[in-house]
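Accompanying notes for the structure given below.
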């Protein structure tokens, strides 16, 4: 995935997400919190998303919570038209309509999700609103969109000229079907461990390119696309959602860590569970990332080509995941 380089403007961007005059002022205000445990926050996300990771990492360095960092970090990719599987400019469904899915989960076990949402850009933020401002966990389609407007979200045209052109080329093929392959899964899942020792995560996507209208994958489903347990760790998934749902992949990884597995071993076992249900070499991709409460991380995928990005010493580092094949 190609990304815009905005490193020289990072401080301005982060300050914009914070809504304060300067990152330094916010940091000085929050650094006095006596409950702060460390100065080494950890942020990790699927795929090559350095800007999103830098936003989340810098926010946590300033003392911002893991939940805020996870939601505001992925917001960059939701607004990035060059990312064809998240937010604006994402690939539509078979009818040419862009629908988005997202979920969030915090350190207290609270969670919220939205599914098949049209016309709303920052769906991870909307999922957080569901978590915090309603008695529900999931809102879908028109109901989620109506709720968004009630909370001040603006109507946004998500289908761009570039994404429409790709959809038109796809729809003219005689064997038009959803694009299910190794390369076509770029869900952005982000896990954050803040300076207070708290975990949170977010997951946002437009789902499978040219999916059937109404299809929802794993990304907004708590336990499949994302799961957080503040006593153990957190995990998130990318790839073919149907395969992740069948194994409740992210919950499985956290439970494996609860029973003594490292994040790496837990990710590997989750992939093995998926592969055990398929004979022969699979033609689809699934990738997992995970962290535990001690700050150890892990990543594993079915095929080569999956990478993840993490925050370390003020830098965003992208690295390839180990894989089964």
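Quick notes on this one:
- If you check 79, 66 for being closer than 15 Å to residue 201 by Cβ and modelled with pLDDT of 95 or more, only one passes: 66.
- Comparison of 179, 154, 173 shows that the only residue that is modelled with pLDDT of 95 or more and surrounded by fewer than 17 Cβ atoms within 10 Å (Cβ to Cβ) is 154.
- Looking only at the stretch 88-126, residues that are in contact with a helix residue (DSSP H, G or I) (Cβ under 8 Å, 6 or more places away or on another chain), in a loop (DSSP other than H, G, I, E, B) and farther than 16 Å from residue 167 by Cβ come to 7 in all.
- Single residue of 58, 35, 108, 72 found to be more than 30 Å from residue 213 (Cβ to Cβ) and either touching a strand residue (DSSP E or B) at 6+ places or on another chain (Cβ under 7 Å) or modelled with pLDDT under 95 (or both): 35
- Which numbered condition residue 244 fails, given (1) touching a residue at least 60 places away in the same chain (Cβ under 8 Å); (2) touching a strand residue (DSSP E or B) at 6+ places or on another chain (Cβ under 9 Å); (3) farther than 30 Å from residue 195 by Cβ: (1)
- Selected residue [surrounded by fewer than 18 Cβ atoms within 10 Å (Cβ to Cβ) and assigned to a loop (DSSP other than H, G, I, E, B)] from 213, 246: 213
- Per the conditions (1) more than 18 Å from the chain's Cα centre (by Cα); (2) within 29 Å of residue 54 (Cα to Cα); (3) crowded, with 22+ Cβ neighbours inside 10 Å, the sole criterion not satisfied by residue 274 is (2).
- Residues of the stretch 302-320 satisfying the condition of being surrounded by 14 or more Cβ atoms within 10 Å (Cβ to Cβ) and farther than 21 Å from residue 70 by Cα: 302, 303, 304, 305
- Filtered by the rule that a residue be without any contact (Cβ under 8 Å) to a residue 40 or more places away in the chain and within 26 Å of residue 234 (Cα to Cα), the stretch 85-132 gives 110, 112, 117, 126, 129, 130, 131, 132.
- Hey, residue 274 closer than 20 Å to residue 250 by Cα and in contact (Cβ under 8 Å) with a residue 40 or more places away in the chain or not: no
- Scanning the stretch 252-304 for residues that are touching a strand residue (DSSP E or B) at 6+ places or on another chain (Cβ under 8 Å), part of a loop (DSSP other than H, G, I, E, B) and closer than 22 Å to residue 207 by Cβ yields a count of 4.
- Scanning the stretch 42-61 for residues that are touching a helix residue (DSSP H, G or I) at 6+ places or on another chain (Cβ under 6 Å) and either in a helix (DSSP H, G or I) or surrounded by fewer than 24 Cβ atoms within 10 Å (Cβ to Cβ) (or both) turns up 51, 52, 54, 55, 56, 58, 59, 60.
- With respect to the conditions (1) under 28 Å from residue 107 (Cβ atoms); (2) crowded, with 16+ Cβ neighbours inside 10 Å; (3) over 20 Å from the mean Cα position of the chain (by Cα), residue 259 falls short on a single one, namely (2).
- Every residue from the stretch 66-87 that is more than 17 Å from residue 129 (Cα to Cα) and not in a loop (DSSP other than H, G, I, E, B): 76, 77
- Taking the criterion of being in contact with a strand residue (DSSP E or B) (Cβ under 7 Å, 6 or more places away or on another chain) and assigned to a helix (DSSP H, G or I), the residues of the stretch 133-147 that qualify are 141, 144, 145, 147.
The values are calculated or read from the model by the stated rules, or taken from the named source; none is laboratory data. Bear in mind that the values here come from a model prediction, so they are computed numbers and not experimental data. FYI the Cβ positions are ideal-geometry reconstructions off the backbone, even for glycines, and counts take in every protein chain you see.
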